[in-house]
Amino acid sequence: MPTFPRRTLLIGAAAALAAPVLFRPARAQGLAPTPTMRGGANNYRPGAPIVERIGGGGFLMTGSVRRAGDGAPLAGRRIQVWAHTTEGHERDARSHGATLTDAEGRFALDMPQIVPAFGQPHGHLAYDSDYDDGGFRTVFLRPIMGSPGDRTLDVAFVLEPA
């Protein structure tokens, strides 16, 4: 049996231990859940109907829904949208509607132009677990638009299992 200097054995053993780390496939970092935003639930209407669009349209609310941790897209999740628009106040039933995410976890809902309320143009969105069987925690968002003239607003939900 051949003999090796101790230094060669230590270097070889260290390389063998490190090899799995060097060749391990990349894994997604843990994707943190989206926290509920302050004011997000203002004027929420439980169980708003799923609609093709809200009012006459002209403004596009879009977004994605992913699972916390691995970031997997979540299909078929129910997202409610409402806002103060050119056609109604955010407390009006006609200013509320819901849509479902597609296979890639994306959603889009055409609605009237959002206008400033309380000095800020903003929307409201909700993933409400009471109206969905997905087993995730409820999240309310209140994203502020960059400008009152913006014609779209894109948001991201990262849902945490309940």
So which residues in region 18-37 are under 19 Å from the mean Cα position of the chain (by Cα) and either at pLDDT 95 or above or not in a loop (DSSP other than H, G, I, E, B) (or both)? 31, 32, 33, 34, 35, 36, 37
Residue identified as at pLDDT 95 or above, more than 18 Å from the chain's Cα centre (by Cα) and polar (S, T, N, Q) among 152, 86, 99: 86
Please enumerate the residues belonging to region 46-75 that are under 18 Å from residue 161 (Cβ atoms) and at pLDDT below 95. none
For residues that are more than 13 Å from residue 108 (Cβ to Cβ) and in contact with a Gly (Cβ under 7 Å, 6 or more places away or on another chain), scanning just region 56-79, find the one that is surrounded by the most Cβ atoms within 10 Å (Cβ to Cβ). 77
Which of the numbered conditions does residue 92 fail, given that it passes all the others? Conditions: (1) within 18 Å of residue 113 (Cβ to Cβ); (2) among the charged types (D, E, K, R); (3) surrounded by 17 or more Cβ atoms within 10 Å (Cβ to Cβ). (3)
So which of 150, 128, 102 ends up being over 18 Å from residue 33 (Cα atoms), among the acidic types (Asp, Glu) and in contact with a Phe, Trp or Tyr (Cβ under 9 Å, 6 or more places away or on another chain)? 150
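The values are calculated or read from the model by the stated rules, or taken from the named source; none is laboratory data. Just so it is clear, the model here is predicted, and its values are computed rather than measured. Heads up, the Cβs are rebuilt from the backbone with ideal geometry, glycines too, and the neighbour counts pull from every protein chain shown.
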